[in-house]
Amino acid sequence: MTLDFSAIVPYLHMLLTGAKVTIQASFLSVLFGALLGIFVGALRVVPLAPVRSIAATYIYIIRGTPLLIQLFLIYFGLPSLGLNLPAFTAGIIGLSINSSGYVGEIVRGGIEAVPKGQWEASKVLGLSYLKTMRFIILPQAIRNMLPAIGNEFVTLIKESSLLSTLAITELTMVGQQVRSVTYASFETFIVVGIIYLVLTSVTSFSLQYVEKKWKVS
Ligand code: ARG
């Protein structure tokens, strides 16, 4: 067996364009997923049992079903309710909802890690539950959560390869296209894998750098 990468060189720019779509999709999904996840995670700790159960059920369902099925439900399922979403939109919604389930648990952990004394002190100061949550607890919790949310970004870069099943031309989909015209399957997916590795490495190194800076300051 010999590997011949020359066949895919003319298609490298296509792969890089696909990588750009992968980055866009992961970035948007980690952003919306974190916003939704912070909301769900906050509901997970409110002093109202029914609300807590609803949030817990949401997280349970999201984490207990495959992302692929969630994407199919949104893209292929929702049209039966008259909701036809463009593939990219459906993909971002699916990835964001999926991510929110995981971020929800990160947030709950982050909130529960804030010392109880903070709640008691706020109560003494006469702050309401919402004000305490918004101004005292969440700012500290979010700082605790940032590393885990950074990891979620890296996870989404990899998970976004499932968007290829919705024919979104992200890196994996473009890889399939390049493979089908060059027949250089091994070479194509070696290069695709390397590009993913570069994306995840650059992301996690940058996040580590930012974290270190924050710890110092
Ligand atoms: N591969 C998992 C699945 O199919 C998705 C995991 C997503 N993880 C995450 N942290 N967003 O269900």
TODO: Select from Met14, Tyr209, Ala113 the residue farthest towards the positive end of the dipole of segment 9-214; place +1 on Cβ of Lys and Arg, -1 on Cβ of Asp and Glu, and compute about the Cα centre.
DONE: Ala113
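Stretch Thr155-Leu127 to full length: gain in nm at 0.36 nm per residue minus the Cα-Cα span? Please report the intermediate quantities before stating the final value.
On the way: separation 28, 0.36 × 28 = 10.08 nm, distance 3.76 nm.
Contour length minus Cα-Cα distance gives 6.3 nm.
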TODO: Give me the angle, in degrees from 0 to 90, between the Cα long axis of helix 87-112 and the longest principal axis of the Cα atoms of the chain, rounded to the nearest 10.
DONE: 40
TODO: Can you spot the aspartates and glutamates whose alpha carbon is less than 12 Å from Lys158's alpha carbon? Ignore those fewer than 8 places along the same chain.
DONE: Glu170
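If each DSSP helix of 4+ residues adds -39,500 (n - 2.57) and the sum is divided by the residues in the chain, what number results at 222 nm, nearest 500 deg cm²/dmol?
Calculated mean residue ellipticity at 222 nm is -24500 deg cm²/dmol.
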Task: In degrees, nearest ten, helix 171-182 long axis to first principal axis of the chain (Cα) - done: 10
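Just rank Thr89, Thr155, fewest to most, by other beta-carbon atoms within 10 angstrom.
On the way: Thr89 13, Thr155 16.
Arranged by neighbour count, lowest to highest, Thr89, Thr155 become Thr89, Thr155.
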Open item on the list: Could you identify which residue out of Ile61, Ile149, Ile23 has the top mean-square fluctuation in a GNM of the chain using Cα springs shorter than 10 Å?
Closed with: Ile61
Task: Among Gly109, Gly64, Gly101, residue whose mean-square fluctuation peaks in a GNM of the chain (springs only between Cα atoms under 10 Å) - done: Gly64
- [ ] Find the centroid of the Cα atoms in segment 43-121 and in segment 139-197, then give the distance between the two in whole Å.
- [x] 21
TODO: Report, ordered by chain and residue number, the lysines lying within cross-link reach of Lys123, taken as a straight Cα distance under 30 Å and ignoring same-chain residues fewer than 8 apart.
DONE: Lys131, Lys215
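Can you sort Glu152, Glu170, Glu187, Glu211 from fewest to most other Cβ atoms within 10 Å of each residue's own Cβ? Write out the running numbers ahead of the final one.
Numbers: Glu152 23, Glu170 26, Glu187 19, Glu211 13.
Neighbour counts put them in this order, fewest first: Glu211, Glu187, Glu152, Glu170.
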Open item on the list: Compute the helix-to-body angle for 49-64: its Cα long axis versus the longest principal axis of the chain, expressed 0 to 90° and rounded to tens.
Closed with: 20
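No value in this document is a laboratory result; all are computed from the given coordinates. Note that the structure is a prediction, hence the values are computed from the model and not measured. Backbone-built Cβ (ideal geometry, glycine too); neighbour counts: all protein chains shown.
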